[in-house]
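What follows is a set of notes on a single structure, which appears directly below.
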């Protein structure tokens, strides 16, 4: 399957991108992130710290009526459309906050590793959040620790994220350990990119500037708040060569429309608070 698009105008809001956010229940919520860093400031004590490097985000539009059947929380919509994103990145310097050299030494075996997640966008008790469908990392211990600490749906698999070549080309392959289903793609990042923060009220801001993760079910939900500097992104073009891995997520990919991709060089000193019952 080949996925190509130029619909996302990174760094600016076109006429088709600027719009309203609303829940799948039909309640409109104006998307307005004048200062994304303020959106991230939840005044909560850090629990865990990490860096993300070489981040690729691939975005799809999905019929909200079809996707809502698979997601336990009300979908957050942009111009009456639901979205699913695939994020691939290299996690580095993962460590518990405030534990110093001892904590860094304990977490060293899985402090640096590649990761891939498939997410959609939801609303819970008035907050705009991320709902992770499925995630992958290569370290089994890291997957268990992450599931235990944060309640995130990690699976174990090989995650091979190739380095970006001088011409901006990149390629990756992710294979699930249990099923051997895979995701394989190649792409091209802008040459000499001018990184920009997503424009307020744009589709880029809707899918990128999110600082709350929601897990569980509405009757017993947990929220995980994330704090980091606003995203700096540029355009990328991606071709999906094999997508059987996505069969391990809720059914959405076969009825989705690829709308574009973006690239970010790094997000440093990401802090996560303790999951809380919401």
Please count how many residues of region 61-84 are under 13 Å from the mean Cα position of the chain (by Cα) and surrounded by fewer than 21 Cβ atoms within 10 Å (Cβ to Cβ). 0
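Report, by residue number, each residue of region 113-141 that is on the phi < 0 side of the Ramachandran plot and more than 18 Å from the chain's Cα centre (by Cα). Give the derivation first.
Let us first name the residues in region 113-141 that are on the phi < 0 side of the Ramachandran plot, namely 113-124, 127-141.
If the condition is that a residue be on the phi < 0 side of the Ramachandran plot and more than 18 Å from the chain's Cα centre (by Cα), then 139, 140, 141 are the ones that fit.
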Residue in region 121-170 that is surrounded by the fewest Cβ atoms within 10 Å (Cβ to Cβ), counting only those that are in contact with a helix residue (DSSP H, G or I) (Cβ under 8 Å, 6 or more places away or on another chain) and assigned to a helix (DSSP H, G or I): 141
For region 264-272, does any single residue satisfy the condition of being farther than 26 Å from residue 61 by Cβ, touching a strand residue (DSSP E or B) at 6+ places or on another chain (Cβ under 6 Å) and crowded, with 19+ Cβ neighbours inside 10 Å? yes
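Readers should treat all values here as calculations from the given coordinates under stated rules, not as data from a laboratory. Treat the numbers as computed from the prediction; the structure is a model and nothing was measured. We place every Cβ from the backbone using ideal geometry, glycine too, and count neighbours over all the protein chains shown.
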